[in-house]
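To start, the structure itself, in structure tokens.
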Amino acid sequence: MPWNPLIPGSPVCVCHKIGHDQCRDLVLSGEVTTLDDLKRLTPAGSNCTLCDPYFEAIIAMYRK
């Protein structure tokens, strides 16, 4: 199956091993509502910004 970070259980940020599930859990807990929140709480996007659009989509999927 091809890589798809929008599917639960999939890796998103390969550099720091941050996956869909970790991002989803942070959004559902209310700790993350924006990409800036995610970057403040995790190392996501600190090496590059290739994963940013995927994280933004995941945050939008689960944000209340």
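Read the figures in this text as sums done on the coordinates, not as results from a lab. Here the structure is a predicted model, which is why all the values come from computation and not from measurement. Because the Cβ atoms are built from the backbone with ideal geometry, glycine has one as well, and the counts that use them run over all protein chains shown.
Observations on the model:
- Between residue 41 and residue 3, the simple spin-label model (points 7 angstrom out along Cα→Cβ) gives 2.4 nm.
- Each listed q (0.19, 0.26 Å⁻¹) maps to a log10 I(q)/I(0) for the chain, found by the Debye formula over equal Cα scatterers with no solvent: -0.59, -1.14.
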